[in-house]
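Everything on this sheet refers to the single structure shown next.
The values are calculated or read from the model by the stated rules, or taken from the named source; none is laboratory data. Just so it is clear, the structure is predicted and the values come from calculations on it, not from any experiment. When we count neighbours, we look across all protein chains shown, and the Cβ atoms used for this are built from the backbone with ideal geometry, even at glycine.
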Amino acid sequence: MEFIDRRDAGRRLADELGKARDHVVVLGLPRGGVPVAAEVAEALGAPLDVIMVRKLGVPFQPELGMGAIGEGGVCVLNDQVLRAVGVSDAELAEVQTRENAELERRAHLYRQGRPRIGLRGRTAIVIDDGLATGSTARAACLVARAQGAARVVLAVPVAPVGWTARVEDVADETVCLLTPYGFQAVGQWYRDFTQTTDQEVIDSLDEAARRTVETSHTSGPTVDPEVRIPIGPLMLSGSLTVPDGATGIVVFAHGSGSGRHSPRNVFVADALNGAGLATLLFDLLTPDEEGDRTNVFDIALLAERLNAVTHWLQERPEVAGLPLGLFGASTGAAAALRAAAEHDSPVRAVVSRGGRPDLAASSLPAVTVPTLLIVGGADDIVLDLNRQARALLGGLSDLAVVPGATHLFSEPGTLEQVARLAADWFTDHLAPVHHR
């Protein structure tokens, strides 16, 4: 048996993988694995993404791998090689920095601004167009696992006899259509093994992303999109979106003069939905309350509202039990941080966009959940405030500076960076909850 081309191989592989699987993400290894993976993703009705892996070559012998890196800060090292060649920490760091820059460049090129699809709690099907030595496939499986995949399946159209011994310790399941004797190279089992271009990878991911959006509109994954939230005698309006198989929920706290229809927050929320996270955007104040400008900056009031909403969500059957995060913008970030500091808060992670954490300074030492502060590089005053605030936070934190961005992230591509950063942070820090 031989394959006509990678698309043909993907269709045949999809037939083999066709049994029912829950919460699947199909991951293609660029570049040749992506056309194969695209066919599998379409057949399984699953989202498609690339899994970015870069080999860390020994400085004076680059073809010898001493480890690999993946997105999200994942680094897998081969201690045996490191000990044998005597690479210093400084030399290792230099290689990591160089390869990470190339990894990020390619990831941005291929996804065209879309966030990485979260793997936490999902089944990751890692696909290449074939397996020879298995080193790249091993690294990809380890990266998928480190990114939170609950189960890793490695699937290839062709591999040499005995190939599973090379990967069985990193994959929960292995699938291969053809294991011929006389295997010399992957390409010999394809009639057309023309090199896959970057543009073909981009086109495959674009097509899969459009298909996912169309499917979401027709299959109705959104549950109760317009909700009314009781807060004492008041009713607040909100928009609740729950993708199929959601692994967490993020509540948005908008800034002064904004509301649940904020185009910037809606953009980020859409990206989080694409990463498998539910979202709630809601109005922190009633229309009557918004008329009094003092309410807009009443952080205690806004935090109290936010805290009440997080507890209300715990009673909603469609999201009950999902780990919860807060995304705050401007003054809403101060409210999110103050709410997260409450002793009974269910919040598991916080992301601030252009936030004013200084307005919640007294609460910052009590914020012990992982917190990401995102600030525009050209937003000088707010950047200084966030640097000072980070030093006060009581738990794991990070400060991400988006180059060239001003306070509203209106510059081309800057809001996309916010969405990617937020999606990565929440998928990494909202642990999965397994339902019966």
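Miscellaneous remarks
- Among the residues here, THR310 does not qualify as over 24 Å from the mean Cα position of the chain (by Cα), modelled with pLDDT of 90 or more, among the β-branched types (Val, Ile, Thr) and assigned by TED's automatic domain parsing to the domain that holds LEU385.
- Selection over segment 399-414 of residues that are at negative phi and either in contact with a Lys or Arg (Cβ under 6 Å, 6 or more places away or on another chain) or surrounded by 13 or more Cβ atoms within 10 Å (Cβ to Cβ) (or both) gives a count of 10.
- Residue in segment 69-85 that is buried (at least 22 other Cβ atoms within 10 Å of the Cβ) and within 29 Å of GLY245 (Cβ to Cβ) present: yes
- Checked against (1) at pLDDT 85 or above; (2) closer than 30 Å to HIS407 by Cα, ALA246 passes all but condition (2).
- Among the residues of segment 1-57, the ones that are farther than 18 Å from ARG122 by Cα and acidic (Asp, Glu) come to 6 in all.
- Scanning segment 286-315 for residues that are free of Cβ contacts under 8 Å to residues at least 40 places away in the same chain and not in a helix (DSSP H, G or I) yields GLY291, ASP292, ASP298, GLN314, GLU315.
- Verdict on VAL152 being in contact (Cβ under 8 Å) with a residue 24 or more places away in the chain and under 25 Å from the mean Cα position of the chain (by Cα): yes
- Against the test of being among the small types (Gly, Ala, Ser), under 18 Å from ILE202 (Cβ atoms), over 21 Å from the mean Cα position of the chain (by Cα) and outside the structural domain of GLU416 (by TED's automatic domain parsing), the options GLY32, GLY86, GLY130, GLY65 yield a single qualifying residue, GLY32.
- Residue match in segment 273-285 (condition: without any contact (Cβ under 8 Å) to a residue 60 or more places away in the chain, charged (D, E, K, R), in a loop (DSSP other than H, G, I, E, B) and in contact with a Gly (Cβ under 8 Å, 6 or more places away or on another chain)): yes
- Considered as a group, the residues in segment 300-350 that are of a type in the set (D, E, K, R) and touching a strand residue (DSSP E or B) at 6+ places or on another chain (Cβ under 9 Å) include one that is farthest from THR241 (Cα to Cα), and that residue is GLU304.
- Applying a threshold of 6 Å to beta carbon distances and a minimum spacing of six or more residues, or different chains, the list of pairs starting in segment 165-177 at a residue that is modelled with pLDDT under 95 and ending at one that is basic (Lys, Arg) reads VAL167/ARG138; VAL170/ARG138; ASP172/ARG151.
- The residues of segment 350-377 that are hydrophobic (A, V, I, L, M, F, W, C) and either more than 16 Å from LEU430 (Cα to Cα) or under 17 Å from the mean Cα position of the chain (by Cα) (or both), listed by number, are VAL350, VAL351, LEU359, ALA360, ALA361, LEU364, ALA366, LEU372, LEU373, ILE374, VAL375.
- Where ASP384 falls short, out of the listed (1) touching a strand residue (DSSP E or B) at 6+ places or on another chain (Cβ under 7 Å); (2) without any contact (Cβ under 8 Å) to a residue 24 or more places away in the chain: (1)
- Set SER352, SER363: member being buried (at least 19 other Cβ atoms within 10 Å of the Cβ), among the small types (Gly, Ala, Ser) and in a helix (DSSP H, G or I): SER363
- Any hit, segment 12-22, residues being under 23 Å from ALA271 (Cα atoms) and of a type outside the set (Lys, Arg): yes
- Evaluating GLY276 against the criteria (1) modelled with pLDDT of 85 or more; (2) in contact with a helix residue (DSSP H, G or I) (Cβ under 7 Å, 6 or more places away or on another chain) leaves one unmet condition, (2).
- The residue that is nearest to VAL24 (Cα to Cα), among those in segment 139-153 that are crowded, with 23+ Cβ neighbours inside 10 Å and out of contact with any Gly (no Cβ under 9 Å at 6 or more places or on another chain), is VAL152.
- Lone unmet requirement of (1) within 24 Å of GLY413 (Cβ to Cβ); (2) surrounded by fewer than 23 Cβ atoms within 10 Å (Cβ to Cβ); (3) in contact with a helix residue (DSSP H, G or I) (Cβ under 9 Å, 6 or more places away or on another chain) for ILE374: (2)
- The residues on offer are GLY121, GLY130, and the sole one that is touching a helix residue (DSSP H, G or I) at 6+ places or on another chain (Cβ under 8 Å), touching a residue at least 12 places away in the same chain (Cβ under 8 Å) and of a type outside the set (Val, Ile, Thr) is GLY130.
- Check on VAL158, touching a Lys or Arg at 6+ places or on another chain (Cβ under 6 Å) and either under 28 Å from GLY57 (Cβ atoms) or not assigned by TED's automatic domain parsing to the domain that holds GLY118 (or both): no
- GLU42 farther than 26 Å from LEU178 by Cβ, of a type in the set (D, E, K, R) and in contact (Cβ under 8 Å) with a residue 60 or more places away in the chain: no
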